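The values are calculated or read from the model by the stated rules, or taken from the named source; none is laboratory data. Worth saying up front: this structure is predicted, and the values here are computed from it rather than measured. Quick reminder, even Gly has a Cβ in these numbers, built from the backbone with ideal geometry, and neighbours come from all protein chains shown. Areas reflect the complete protein model, heavy atoms only, side chains present, ligands, DNA and RNA absent. Shrake-Rupley method; radii C 1.70, N 1.55, O 1.52, S 1.80 Å.
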Amino acid sequence: MKKMMTTIAAAMSFAVTSLSGTAYAADVLDRVLSAKTLTVAVGTDWGPISHLDEKHELVGYDVDVAKAIAKSLGVEISFVTPGWDIITAGKWQGRWDIAMGQMIPTKARAEVFDFPALYIWGPNVAVVHKDSKASKLSDLDGKVIAVASGTGAEAYANQKFEPGWENAKPVGYPFKAGEVKTYTSTNIALDDLRLGDGVRVDGVLTDETIARDSIKSGYPIKVLEPALFSSPAAIAILPGDKEFHDKVAAALKEMKDNGSLAELSIKWYGVDYTVEK
């Protein structure tokens, strides 16, 4: 099999004036097979999800999963790195075919995206500076809470989180934020938190894997127990191409069945997050 070539590019420019978003979404598989390339949107600073290593190459759990999907389709892979807010806006216009980033399939997002496969489960948590007097979630009542824009954490902070996956459990809200500050990425929010307790923010809501990775990297923060909620994350595509949906779903099912998805989770997180706990 021809060796896949991984390329990193900025968001590509396409002529979009003659085609609507629906038209792009309806012929994704044909476009991918014709170009012999699957274009995937990821982040450069999402911790073990996806980041640039010391060689300035994209690595991470989501990067490896995307490569496996491309291999299943028999095509090469190309990565683009738009912001999360651009990804979640849904106006892709053919610039990429799949979005990684462990998107939580909420009811609101299901109106914009198609989710062919769940590929990881994990808790979302609240973190505070290590010098914070907060010891429980209710201590965050009335505080300034930071979140990444367009995330499930943002919806939760605003008490508007609506799980959209099958058998989802209702969530509770042990605190009400006095102010919700949004950031383009969780890492920037954590950088503000590390400045000191209450200097810019009092807490950050984020995925536990990102929080633990930040602590491991030396961030002076701590996690408040228990988790806010536990949720799955999904591969995101635009609706309209059932054949493409089915191909992506089949690739993930094969990975689950042969154990390779669990192996990738253990490789990047040290734990199998591919099944609901």
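The table below lists the values:
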read-out	value
All positions within the range 116-135 that are in a strand (DSSP E or B) and either aliphatic (A, V, I, L, M) or surrounded by 20 or more Cβ atoms within 10 Å (Cβ to Cβ) (or both)	Pro116, Ala117, Leu118, Tyr119, Ile120, Gly122, Asn124, Val125, Ala126, Val127, Val128, His129
Among (1) under 17 Å from Thr106 (Cα atoms); (2) open to solvent by less than 20 Å² (accessible area, probe 1.4 Å) - the single one Phe175 does not satisfy	(1)
Considering residues of the range 196-222 that are part of a strand (DSSP E or B) and under 12 Å from His129 (Cβ atoms) only, the residue most open to solvent (accessible area, probe 1.4 Å)	Lys222
Qualifying residue in the range 103-115 (condition: open to solvent by 20 Å² or more (accessible area, probe 1.4 Å), more than 15 Å from Ala236 (Cβ to Cβ) and either charged (D, E, K, R) or part of a strand (DSSP E or B) (or both))	no
Pairs with Cβ under 8 Å, 6+ apart, first in the range 221-232 and under 14 Å from Pro163 (Cβ atoms) and of a type in the set (S, T, N, Q), second open to solvent by 40 Å² or more (accessible area, probe 1.4 Å) and not in a strand (DSSP E or B)	Ser230/Glu276; Ser230/Lys277
Residue satisfying condition, being touching a Pro at 6+ places or on another chain (Cβ under 7 Å) and either under 15 Å from Val125 (Cβ atoms) or of a type in the set (D, E, K, R) (or both), within set Glu208, Glu263, Glu243, Glu254	Glu208
Glu276 among the charged types (D, E, K, R), open to solvent by 30 Å² or more (accessible area, probe 1.4 Å), modelled with pLDDT of 95 or more and on the phi < 0 side of the Ramachandran plot	no
Whichever residue in the range 49-80 is surrounded by 18 or more Cβ atoms within 10 Å (Cβ to Cβ) and assigned to a loop (DSSP other than H, G, I, E, B) and, among such residues, is nearest to the chain's Cα centre (by Cα)	Ile49
Single condition Glu225 does not satisfy, out of (1) among the charged types (D, E, K, R); (2) in a strand (DSSP E or B); (3) surrounded by 18 or more Cβ atoms within 10 Å (Cβ to Cβ)	(3)
All positions within the range 65-86 that are modelled with pLDDT under 95 and of a type in the set (Gly, Ala, Ser)	Gly83
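Yes/no matrix, rows are residues, columns are (1) modelled with pLDDT of 95 or more; (2) out of contact with any helix residue (DSSP H, G or I) (no Cβ under 6 Å at 6 or more places or on another chain); (3) surrounded by fewer than 17 Cβ atoms within 10 Å (Cβ to Cβ):
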position	(1), (2), (3)
Lys2	no, yes, yes
Met12	no, yes, yes
Ala15	no, yes, yes
Ala23	no, yes, yes
Asp30	yes, yes, yes
Lys36	yes, yes, yes
Ala41	yes, no, no
Gly47	no, no, no
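Residue-by-condition table, conditions (1) touching a helix residue (DSSP H, G or I) at 6+ places or on another chain (Cβ under 8 Å); (2) among the hydrophobic types (A, V, I, L, M, F, W, C); (3) modelled with pLDDT under 95; (4) within 29 Å of Gly90 (Cβ to Cβ):
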| position | (1), (2), (3), (4) |
| --- | --- |
| Pro170 | no, no, yes, yes |
| Ala177 | yes, yes, no, yes |
| Val180 | yes, yes, no, yes |
| Ser185 | yes, no, yes, yes |
| Arg194 | no, no, no, no |
| Ser214 | yes, no, yes, yes |
| Val248 | yes, yes, no, yes |
| Lys253 | no, no, no, yes |
| Ser265 | yes, no, no, yes |
